[in-house]
1. Could you say whether any residue in segment 194-214 is under 14 Å from MET131 (Cβ atoms), assigned by TED's automatic domain parsing to the domain that holds ASN159 and among the hydrophobic types (A, V, I, L, M, F, W, C)?
2. Looking at segment 47-78, which of its residues are within 20 Å of GLY37 (Cα to Cα) and charged (D, E, K, R)?
3. What pairs come up if the first residue lies in segment 154-179 and is within 16 Å of PHE210 (Cα to Cα), the second is acidic (Asp, Glu) and crowded, with 24+ Cβ neighbours inside 10 Å, and their beta carbons are under 8 Å apart, counting only those six or more places apart or on different chains?
4. When segment 14-31 is examined, which residues are found to be assigned to a loop (DSSP other than H, G, I, E, B) and surrounded by 14 or more Cβ atoms within 10 Å (Cβ to Cβ)?
5. Quick check on segment 290-310. Is at least one of its residues outside any helix (DSSP H, G or I), among the charged types (D, E, K, R) and on the phi < 0 side of the Ramachandran plot?
6. Tell me which residues, restricted to segment 292-314, are under 19 Å from VAL342 (Cα atoms) and surrounded by fewer than 15 Cβ atoms within 10 Å (Cβ to Cβ).
7. Out of LEU69, LEU104, report the one residue that is modelled with pLDDT of 95 or more, surrounded by 22 or more Cβ atoms within 10 Å (Cβ to Cβ) and of a type in the set (A, V, I, L, M, F, W, C).
8. How many residues does segment 270-289 hold that are part of a helix (DSSP H, G or I) and either touching a residue at least 60 places away in the same chain (Cβ under 8 Å) or surrounded by 15 or more Cβ atoms within 10 Å (Cβ to Cβ) (or both)?
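The values are calculated or read from the model by the stated rules, or taken from the named source; none is laboratory data. For clarity, every value in this text was computed on a predicted model and none was experimentally measured. Backbone-built Cβ (ideal geometry, glycine too); neighbour counts: all protein chains shown.
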Amino acid sequence: MDFDIPPDLVELQLRIRRFIADEVIPLESDPRRTAHGPSEELRRDLVARARRAGLLSPQVAREYGGLALSHVGRAIAFEEAGYSLLGPIALNVSAPDEGNMHLLEAIARPAHKERWLRPLAAGEIRSCFCMTEPEPGAGSDPSMLMTTATRDGEHYVINGGKWFITGADGAAFAIIMARADDDGATMFLSDMNAPGIAVERSMWSLDTCFPGGHGVVRFDNLRVPSDDILGELGQGFRYAQVRLSPARLTHCMRWLGAARRAHDIAVDYARRRHAFGKPIGEHEGVGFMLADNEIDLHVARLAIWHCAWVLDRGELALHASSRAKVIVSEAVGRVADRCVQVLGGQGVTGETIVARIFADLRAFRIYDGPSEVHRWSIAKRILRGARSGGTAPAPPAA
């Protein structure tokens, strides 16, 4: 692996860093931020700023207005975007849209790309990915999929329920996972204003960074034309891995940026705040926490870059993405927790953004597969005697 950043990516890194500092961080106290994420008005404001800066959707193909970044390029760009919780929204690299763009680019037919991918990449609309179901349906175990799609002439009729659907409220379209008759799990595309789709409610959640929050969605005799199957009939689980392997990694990239922001704030405070005759950072109790933060951030970045390198070699990287997901989600969680401790009273208030980062980060150990499921998958691979490489079966997201 070559750890030198190419000059063009260094330039992009600095451009994004300046953009986040000048255009995005000043909006973090904007009243258009809600308990269920930034309002649509604020999202469009942020997207317009990134568009003017030439930084919108850098991960997508140039054909759709992006910069066609490699996975290593995304690691650099997305970390910089994540330095503000609003940054990924501004650059249009936030979940679930970023993962949906990747999936549509990879497997959608040309008509679907024009209908849904192009406006999504332009930041004109949002989307959602409808997979997780209430008990007894699919969660960490996708084989428990309960939502059905029954063939009726040239349509499929979809019935079932989903929850924890990020961005459902306000999304323009959905990618829906359903069990199609005897053909198995299949992905369907549908506009969210189609008859038969209802967002029943938005769930209260610890995190507040995703536009539209997390919704409960019902499908009651939703009719989807057979032409709007995404990819091939019965290949839903395979396509889920096409989406989820890089999507796990891009979550890691963005949250690394947020954890770095919390660390920077804690370091600045540890230099300025005095107690017992000297800056608190010079006391070992605080200084060691900052040192551990530096270690965790470094290890997390190495895990991300390795997995990105594997993906850029053309491998599916399921094992590497599972490993990176566990390493990074737990490392950045520790970093945020230590930053709260270093800041003391300020760490549990809105005086800085650290408390918000801490709360939003906590969910990352659960979504896209909880750490325990990824460890279970890695352990099974170890017991089979498989080499520790890039490709291996790994759990789909919850």
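1. Looking through segment 194-214, none of the residues is under 14 Å from MET131 (Cβ atoms), assigned by TED's automatic domain parsing to the domain that holds ASN159 and among the hydrophobic types (A, V, I, L, M, F, W, C).
2. ARG49, the sole residue that qualifies.
3. Listed pairs, sorted by first residue: GLY167/ASP97.
4. Across segment 14-31, the qualifying residue is only ASP30.
5. No: zero hits.
6. Correct list: ASP292, GLU294, ILE295.
7. LEU104
8. So the answer is 6.
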